[in-house]
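Inspection log for the structure reproduced underneath, given as structure tokens.
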Amino acid sequence: MVSCMGSLWVALSFILSLILGFNLMSSAWFKNKNTSFGVFVQCEGKISNPCNQTCIAFRTLEEIPDTSWKISAVILFAGWLLLSFGALLVLSWTVIPAGLCQRRVCTPARHTQIIAVAITILGLLLFPISLRSTFANQICNSSLSYRSGTCSLGWAYMMAIITIMLSCFLPIIGRYNINEMKTTVLRSQLTQHMLVCEEHMY
């Protein structure tokens, strides 16, 4: 039976991986009045009227304008994949015997989530370097690394930062869940041992 903490671990793992994936597919990382761009998408048109925007997706690394942009895109995508894989591992422990949790699934899931968070943080830190690219300069008017010029920070970038900050708690919740399961298993074993002793006494 899955505990409340275990249910929270499963739910948060999936919700945060879905939100991060949605953010990566959004163009609202940096924006001005008529243009916005993200890791994999660029949109032209008034931000206030998204239905009339024309969006282009960067389908290959060659289409991404800058080398640092390509590196951060690969890192962020890898971080999202690891976070999603960690969520699948967390889900899988709900269908296996409790005794196998730590050895087979729970500990690898926690380690995967830790690595995913670290990699994604690195990608988020590297992405603003791409503001020095010719592509970003044309949109943001003389932007530099970590200086967005006339562009402003979009909601998707801020949401990605918040998402990965919340993801830092996933391994902590996972550790608490493992300890809780250990306690439950230990209590069950002690109860069985006491019942056996009582049977021998009578």
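Has region 60-81 got at least one residue that is modelled with pLDDT under 90, within 28 Å of ARG110 (Cα to Cα) and not acidic (Asp, Glu)?
The answer is no; no qualifying residue exists.
Can ILE75 be described as touching a residue at least 24 places away in the same chain (Cβ under 8 Å), touching a Leu at 6+ places or on another chain (Cβ under 8 Å), open to solvent by 50 Å² or more (accessible area, probe 1.4 Å) and over 18 Å from CYS43 (Cα atoms)? Show your work before the answer.
Working: touching a residue at least 24 places away in the same chain (Cβ under 8 Å): yes; touching a Leu at 6+ places or on another chain (Cβ under 8 Å): yes; open to solvent by 50 Å² or more (accessible area, probe 1.4 Å): no; over 18 Å from CYS43 (Cα atoms): yes.
No.
What residue, among those in region 54-72 that are open to solvent by 80 Å² or more (accessible area, probe 1.4 Å) and not in a helix (DSSP H, G or I), is nearest to GLU44 (Cα to Cα)?
THR54
Those residues that are of a type in the set (Gly, Ala, Ser) and either in contact (Cβ under 8 Å) with a residue 40 or more places away in the chain or more than 30 Å from THR94 (Cβ to Cβ) (or both), I need them from region 1-15; list them, please. Full working, then the answer.
Taking region 1-15 first, the residues of a type in the set (Gly, Ala, Ser) are 3, 6-7, 11, 13.
The answer is SER3, GLY6, SER13.
So that you can scan it fast, the table gives a plain yes or no per residue for (1) modelled with pLDDT under 65; (2) of a type in the set (S, T, N, Q); (3) open to solvent by 70 Å² or more (accessible area, probe 1.4 Å):
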site: SER142; (1), (2), (3): no, yes, yes
site: ARG147; (1), (2), (3): no, no, yes
site: PHE169; (1), (2), (3): no, no, yes
site: ARG175; (1), (2), (3): no, no, yes
site: HIS200; (1), (2), (3): yes, no, yes
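Exactly one condition in (1) among the hydroxyl-bearing types (Ser, Thr, Tyr); (2) out of contact with any Ser or Thr (no Cβ under 9 Å at 6 or more places or on another chain); (3) modelled with pLDDT of 90 or more is false for THR107; which is it?
(3)
Just to be sure I understand the filter: pairs with C-beta atoms under 9 Å, separated by 6 or more residues or on different chains, first member in region 81-96 and closer than 15 Å to ILE19 by Cβ and touching a residue at least 12 places away in the same chain (Cβ under 8 Å), second member not aromatic (Phe, Trp, Tyr) and not in a helix (DSSP H, G or I). Which pairs pass?
Matching pairs, first to second residue: none at all.
For residues that are aromatic (Phe, Trp, Tyr) and assigned to a loop (DSSP other than H, G, I, E, B), scanning just region 10-40, find the one that is surrounded by the most Cβ atoms within 10 Å (Cβ to Cβ).
Taking region 10-40 and keeping what is aromatic (Phe, Trp, Tyr), we get 14, 22, 29-30, 37, 40.
In the following step, the residues that additionally are assigned to a loop (DSSP other than H, G, I, E, B) were identified as 29, 40.
On the way: TRP29: 28, PHE40: 19.
Ranking the candidates gives TRP29 first.
Which pairs turn up if I take residues in region 16-35 that are free of Cβ contacts under 8 Å to residues at least 12 places away in the same chain and look for partners that are open to solvent by 10 Å² or more (accessible area, probe 1.4 Å) with beta carbon separation below 6 Å, at least 6 apart in sequence or on another chain?
none
The values are calculated or read from the model by the stated rules, or taken from the named source; none is laboratory data. What you are looking at is a predicted structure, and each value in this text was computed from that prediction instead of being measured. Cβ sites come from the backbone with ideal geometry, for glycine too, and all protein chains shown count toward neighbours. In case anyone asks, the SASA skips ligands and DNA or RNA and just uses the protein heavy atoms, side chains included. Shrake-Rupley method; radii C 1.70, N 1.55, O 1.52, S 1.80 Å.
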